[in-house]
Amino acid sequence: MSYLSKTERKKQILDAAMTIALDDGLNTLTVRHLAQKASLSVGLIHHHFKTIQELKCEVFMQLIYKNLDISEIDDNLSLTEKILLVLGFTESEDELPYVRLWNDAEQNSQTSPEFNKVFSIAIEEWQKSVKKILESAPLKNHHENLDDMAWQFIGLTLGLEGLAKFHSHLFTYQYMTQLVTHLIENKINQKV
């Protein structure tokens, strides 16, 4: 093991933890699993992170900031397609680990007060990303509050995902995408 500064070592640990979270899921991230994958000692990981929850919180937020970076979205996509992408309605193999990450984070938020705070911040960042996309498009004769519109899109997305857990045969990916697309198009084309 080569010598790294404290900052470099922490980054090495975070990078390895983020890889595990995306490849295997956030809930598979344990100190032992991380130590084994990154060829680090358990003690070294504990030196940088007091608890596994602290590490998971930081990993989740770093990955979410990366996932919600709208500067990476293709400018050739329509406004509806951009919003659908940020809402998680994509069949892209690159995005599927992030869908699992959000689902794992939701589970963690129900059992950990520390993670619950981080999850709330992530939801607010998600809303800001949707709003930025709305602001980037000319919505002529449109006077609805963009904050409210972004929250409506997120609310429908979360609600449908919740229903899909109980009625997966009714709420297929295609059906949920159709419902959200319909709401988006109605909202962005609505004139006052």
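Observations on the structure shown:
- Filtered residues of the range 138-192 (kept if farther than 17 Å from Q127 by Cβ, touching a residue at least 40 places away in the same chain (Cβ under 8 Å) and among the β-branched types (V, I, T)): T177, T181, V192
- Residue pairs meeting the criteria (Cβ under 9 Å; at least 6 apart or on separate chains; first at positive phi, in the range 3-31; second of a type in the set (D, E)): G25/D104
- Scanning the range 100-126 for residues that are within 20 Å of I184 (Cα to Cα) and out of contact with any Phe, Trp or Tyr (no Cβ under 8 Å at 6 or more places or on another chain) turns up I123, E124, W126.
- Just so you know, in the range 158-192 the residues that are outside any helix (DSSP H, G or I) and surrounded by 11 or more Cβ atoms within 10 Å (Cβ to Cβ) include one that is modelled with the highest pLDDT, and it is T172.
- Every residue from the range 55-96 that is charged (D, E, K, R), over 14 Å from T157 (Cβ atoms) and within 10 Å of the chain's Cα centre (by Cα): K66
- For the range 93-100, the criterion of being over 24 Å from E8 (Cα atoms) and either hydroxyl-bearing (S, T, Y) or in contact with an Asp or Glu (Cβ under 8 Å, 6 or more places away or on another chain) (or both) is met by at least one residue.
- Those residues of the range 141-157 which are surrounded by 15 or more Cβ atoms within 10 Å (Cβ to Cβ) and assigned to a helix (DSSP H, G or I), in sequence order: L146, M149, A150, W151, Q152, F153, I154, L156, T157
- Of L34, L79, all but one fail to be modelled with pLDDT of 90 or more and within 30 Å of L134 (Cβ to Cβ); the exception is L79.
- If you filter the range 129-140 down to residues that are surrounded by 15 or more Cβ atoms within 10 Å (Cβ to Cβ) and basic (K, R), you find that the one that is nearest to L183 (Cα to Cα) is K131.
- Close pairs (7 angstrom Cβ cut-off, 6 or more residues apart or separate chains): modelled with pLDDT of 90 or more in the range 94-106, of a type in the set (K, R) and surrounded by fewer than 16 Cβ atoms within 10 Å (Cβ to Cβ) anywhere: none
- Within the range 1-19, being within 18 Å of L96 (Cβ to Cβ) and out of contact with any helix residue (DSSP H, G or I) (no Cβ under 6 Å at 6 or more places or on another chain) holds for one residue alone: T19.
The values are calculated or read from the model by the stated rules, or taken from the named source; none is laboratory data. These figures come from a predicted structure and were not determined experimentally. Cβ coordinates were reconstructed from backbone atoms using ideal geometry, including for glycine residues, and neighbour counts include every protein chain displayed.
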